[in-house]
Each structure stands twice: as structure tokens, then as C-alpha cells.
Amino acid sequence: MKILQWILTILALFIGLGLLVSGQWIGFIITSLTVLLVAPPLQSQINQRLPWLRSRFLKLFLAVIMLFAALMVTGENLVRFANVAVCTTPVEGQCEQHEIAFIEQTQQISVSAKLRQANTAKQVKVRLDYWPEPEQESEVLSQVFDVPQGEQEVLLALDQVNLQPGNYRITLTPEGLGNKEPVSSEKVFSVWTDPQDVTNRNEGEIDDAGLNNSVTSIKVCEGSRDAKQPCEEDFSELSTQVKILSFTAELPSIANVQFRGDSEITYLLRYRVKTKDAKNPLIQLFRETSDLDRKVGTYTLGIPSPKKGFPPGEYELITSLEARSSRPIRKQFTLK
């Protein structure tokens, strides 16, 4: 019984600290009373001043109720959006499901969500962030929408987003709440170059190959005679005279991640063609999907130079594992 008292005491202290930091004073006061009620060092004083609380079972019962009360009071003061989903074609004012994959150059996406408490938020702030590679995050869009009075379900249309291959996160934050606290809600999705990739991932036609299904990083370098030799350094600019163009994908450490056996990796290389207009389209030079042993930790693809050498210009490499929740890495480099 004493062990349970210590567990509740420590739990109440942690909850109370969180409530104090967030300014939830009512919840903080309730959790403080809970600590006073069950903390073992204070039991003799409690028993002397409140004889009717001598029963440890009664104290534990009251402590649990008080903790629930503190959390409920806090929850009523927090406003968040639930059922957040992103899609291309909403049905009857809502996204039927959250789409985890989109095709590149998509110009409009829709975001649907439901307010947990009606008549609480006057506006919603939508932020869209993009990261082609890990730790290269940037803000694409930040926009505030009005929430119709009395409406719990909202549908927001984001125009001219011009999605590029890589990974995105959309964040919804309620605003205009008076004395209530906003809680942000977010969803992530990825963007691909091939419509079939989008279909396969959204419809679950390919399996997940483990707990972590994304390439950790990618390196570009001049390869050696052994085309499978991993790149030691990463270059954003190389000479058009390189004999072998190598790409090394680094995978999550097998020591920290559980896998379901081997899987496949895809490399897609594109070249930006310079034209008279400002569009400068990308043409696909090759796409290759290969088996890999994820226990090795890396996979290197080497491309021998054509007879006339690689053409100068801007290149784009997109790398991903063939798994439903895999996120692509978009790597840009230049040959001069």
C-alpha cells in the first residue's frame, strides 16, 4: 500500500509541475492537494488532524479521483483540432482519409479537421513545412483562416502549393480562444514523382519493411573503379569529367531498429533541361530498384560516365525504400 502512495505522489508531482509550467492553476492546486493527501512522510500529520482519513484505501481512492479531476479541468481549458486529414478531393466537406502520398506539382490540397469544442476558436492558423533532406526544414506556407461560428468541422483549401518531392508537415493551431489554451495538431505526408508510387502508398499495396522505413541520408561523390565502394564525403558540385558518379544511401542502424528481413531501394535520377522559357523541365535519366541487405547499413549505386561525359547542369536524385511509409530524400547537385 505504501508503494502505491509513493507512485501516486510522484505521479501527482510530475502532473502538477506540467500544469504549473502551462499556467493551469486550478489543476496545479488539485494535484498539490493530492500530494499532501498521500505523501508517506505527511501521513502522521494527516491522521492527527483528519482522523476520518486514517484509512489508506480511502486516501488512495480520493487521490485517484483528484488526479482525474485535475486532468479533466485542464482538458476543458485546452482547444485542439481532431481528425486532421489532408487529401486532394474531399467528399461532403471532409477528407475521407488522410493521404500519406501526393504527386509532385500538385497545386491544391485540402485539409479537414474537427474542433473538439464548438464555439471556441474564431480562427485557425495553418502552417506547411517542407524538408527534402533531414534537418533541412523550411516553411512553405503560413495562413490564417476564419472558423464559421458554431461550426465544428472545417475544410481548408490551400492553393498554389506546387508540391515538390520530399516530406511535408501540416500544422493546425486554433486562434481567438480568449482565456483557453491552444494545442497544435499536425499531419505528415510525402510527395513522389510517379503516380503509381502515390497509389501504392495510399492504398497500402506495398508492405512496411520494418519499424523505420526511410533512408537516413544520401551522399553524392565521384566513385572509384569499384562502383559499389561507399562515398566517404558528400559533394554538391562535381566535374562533368568524373568516370563514375556514385550515390550512397545510409540506412538506420540495425542495432537500434528491428527489421522484417531485406527490402528494396529505389534511385531516381533527373536532369534539368535549360530552355528559352523559365520552366526548365526535369527529364528522368533512369530509375532503378534494387534488393538490399539492410544489415549492411549502406547501399551504393555507381553510374559509369557515357562516352561524351555527363552533361553539365543541375541534377536531382530521389531515393527511397520500397515500403508504404517510406519517406523520400531529394538530393540536388551540379555537374560543371
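Quick look at the values:
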| read-out | value |
| --- | --- |
| Selected residue (only one of 227, 255 is modelled with pLDDT under 90 and surrounded by 12 or more Cβ atoms within 10 Å (Cβ to Cβ)) | 227 |
| Residue check, residue 235 of a type in the set (Phe, Trp, Tyr) and either without any contact (Cβ under 8 Å) to a residue 40 or more places away in the chain or under 22 Å from residue 286 (Cβ atoms) (or both) | yes |
| Only listed residue being farther than 14 Å from residue 81 by Cβ and modelled with pLDDT of 90 or more, chosen from 104, 135 | 104 |
| Residue selected from the stretch 25-40 under the condition within 12 Å of residue 70 (Cα to Cα) and surrounded by fewer than 22 Cβ atoms within 10 Å (Cβ to Cβ), by the criterion modelled with the lowest pLDDT | 25 |
| Per-region count, the stretch 230-247, residues exposed (fewer than 14 other Cβ atoms within 10 Å of the Cβ) and of a type in the set (Ser, Thr, Tyr) | 2 |
| Selection count where residues are under 29 Å from the mean Cα position of the chain (by Cα), surrounded by 13 or more Cβ atoms within 10 Å (Cβ to Cβ) and not in a loop (DSSP other than H, G, I, E, B), scope the stretch 290-307 | 5 |
| Filter pass, residue 202 being of a type in the set (S, T, N, Q), over 25 Å from residue 333 (Cβ atoms) and surrounded by 16 or more Cβ atoms within 10 Å (Cβ to Cβ) | yes |
| Complete set of residues in the stretch 119-131 that are basic (Lys, Arg) and not in a strand (DSSP E or B) | 122 |
| Filtered residues of the stretch 49-67 (kept if of a type in the set (Phe, Trp, Tyr) and either surrounded by 11 or more Cβ atoms within 10 Å (Cβ to Cβ) or in contact (Cβ under 8 Å) with a residue 12 or more places away in the chain (or both)) | 57, 61 |
| Members of the stretch 143-170 that are without any contact (Cβ under 8 Å) to a residue 60 or more places away in the chain and over 22 Å from residue 83 (Cβ atoms) | 159, 160, 162 |
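The values are calculated or read from the model by the stated rules, or taken from the named source; none is laboratory data. All of these numbers come straight from a predicted model, not from anything done at the bench. Here the Cβ is made from the backbone with ideal geometry for all residues, glycine too, and neighbour counts use every protein chain on show.
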